[in-house]
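Chemist: Below is the structure I would like to discuss, written out as structure tokens.
The values are calculated or read from the model by the stated rules, or taken from the named source; none is laboratory data. As the structure is a prediction and not an experimental result, all values here were calculated from the model. Cβ placement follows ideal geometry from the backbone for every residue including glycine, while neighbour counts extend to all protein chains displayed.
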Amino acid sequence: MAIFTITGDVDPFLHVSLRKGEKIYCESDAMVMMEDPLDLTGKMTGGLGSALMRRFANGESFFQQHIEATRGDGDCLLSPVLPGAIQVLEIGPTQYLLSDGAFVAAESGVDLRVRTQSIGNALFAQSGGFFVMEATGKGKLAVSGFGSSFILDVEPGKDVIIDNAHVVAWDSQLHYEVSVPSQQSGGMFSRLVSSVTSGEGLVLRFSGRGKVVICSRNRNAFASWVRGGASASG
């Protein structure tokens, strides 16, 4: 199996060691360096239909980079899109759902599939609208968030509430729903208005048993900053 190692403290690299015949795939433009025995190709993983659904569901690139050790053992360095930490998760039997832009790389045995969400989560959550990405199969999966990262353990009877802009990935067995942090009386609409005007925003409430990967920085604020910088430079 490929060896995934995180190297560097600030904006780390994902260091992947491949033995001859092994291969991985990663987000477009993730490859920074690779040794000569490795080959790099661009492919629509899973075919045209799967590529279109991933693009629509999670904003992933239409083409992904596939790296294979064809002429011997070799290493490569990958870099995530977001400036922040990387977490390596084991897929199988545990499966994970991914927030927008969280995917970095995976072993060839991991399959990224599109899964539908409930109407409430689709309308309000920052996780792909009516569809969300699910990692199934078996192997290593690397995900990234904005800033530092932390893995939370959710246990039955101890629900966890997380600002949805800080959620990176979560166990697919967990139940999750969009909520607002405000506990004031009144209907959902009045509490939603209070939450938005107070700057609290929307949160995701997780229950059950499983892990949630979170990041320290607000992904939405970073995206707004990037868009603002692009507009200023244009």
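Chemist: Looking only at region 139-159, decide whether some residue is more than 24 Å from Ala105 (Cα to Cα), at pLDDT 85 or above and surrounded by 18 or more Cβ atoms within 10 Å (Cβ to Cβ). Break it down stepwise before answering.
Modeler: First pass over region 139-159, keeping only residues more than 24 Å from Ala105 (Cα to Cα): 154-159.
Still in the running and at pLDDT 85 or above: 154-159.
Next, only the ones that are surrounded by 18 or more Cβ atoms within 10 Å (Cβ to Cβ) stay: 154.
Scanning region 139-159 turns up at least one residue that is more than 24 Å from Ala105 (Cα to Cα), at pLDDT 85 or above and surrounded by 18 or more Cβ atoms within 10 Å (Cβ to Cβ).
Chemist: Right, here's the next one. Answer yes if at least one residue in region 62-80 is closer than 16 Å to Gly139 by Cβ, modelled with pLDDT of 90 or more, small (Gly, Ala, Ser) and within 13 Å of the chain's Cα centre (by Cα), and no otherwise.
Modeler: Looking through region 62-80, none of the residues is closer than 16 Å to Gly139 by Cβ, modelled with pLDDT of 90 or more, small (Gly, Ala, Ser) and within 13 Å of the chain's Cα centre (by Cα).
Chemist: Also: From (1) among the polar types (S, T, N, Q); (2) under 17 Å from Glu134 (Cα atoms); (3) modelled with pLDDT of 95 or more, pick out the condition that doesn't hold for Thr45.
Modeler: The failed condition is (3).
Chemist: Exactly one of (1) in contact with a Phe, Trp or Tyr (Cβ under 9 Å, 6 or more places away or on another chain); (2) within 30 Å of Arg19 (Cα to Cα); (3) at pLDDT below 90 is unmet by Gln117. Its number?
Modeler: Just one mismatch for Gln117, condition (2).
Chemist: Scan region 160-174 residue by residue and report those that are closer than 19 Å to Leu112 by Cβ and either surrounded by fewer than 20 Cβ atoms within 10 Å (Cβ to Cβ) or among the hydrophobic types (A, V, I, L, M, F, W, C) (or both).
Modeler: Those that are closer than 19 Å to Leu112 by Cβ and either surrounded by fewer than 20 Cβ atoms within 10 Å (Cβ to Cβ) or among the hydrophobic types (A, V, I, L, M, F, W, C) (or both): Val167, Val168, Ala169, Trp170, Ser172, Gln173, Leu174.
Residues checked against (1) surrounded by 15 or more Cβ atoms within 10 Å (Cβ to Cβ); (2) under 20 Å from the mean Cα position of the chain (by Cα):
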{"residue": "Met1", "(1), (2)": "no, no"}
{"residue": "Asp9", "(1), (2)": "no, yes"}
{"residue": "Leu14", "(1), (2)": "yes, yes"}
{"residue": "Ser17", "(1), (2)": "yes, no"}
{"residue": "Lys20", "(1), (2)": "no, no"}
{"residue": "Ile24", "(1), (2)": "yes, yes"}
{"residue": "Glu27", "(1), (2)": "yes, yes"}
{"residue": "Gly42", "(1), (2)": "no, no"}
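Chemist: Do you know which residues across region 89-115 are closer than 11 Å to Glu134 by Cα and among the charged types (D, E, K, R)?
Modeler: Asp111, Arg113, Arg115
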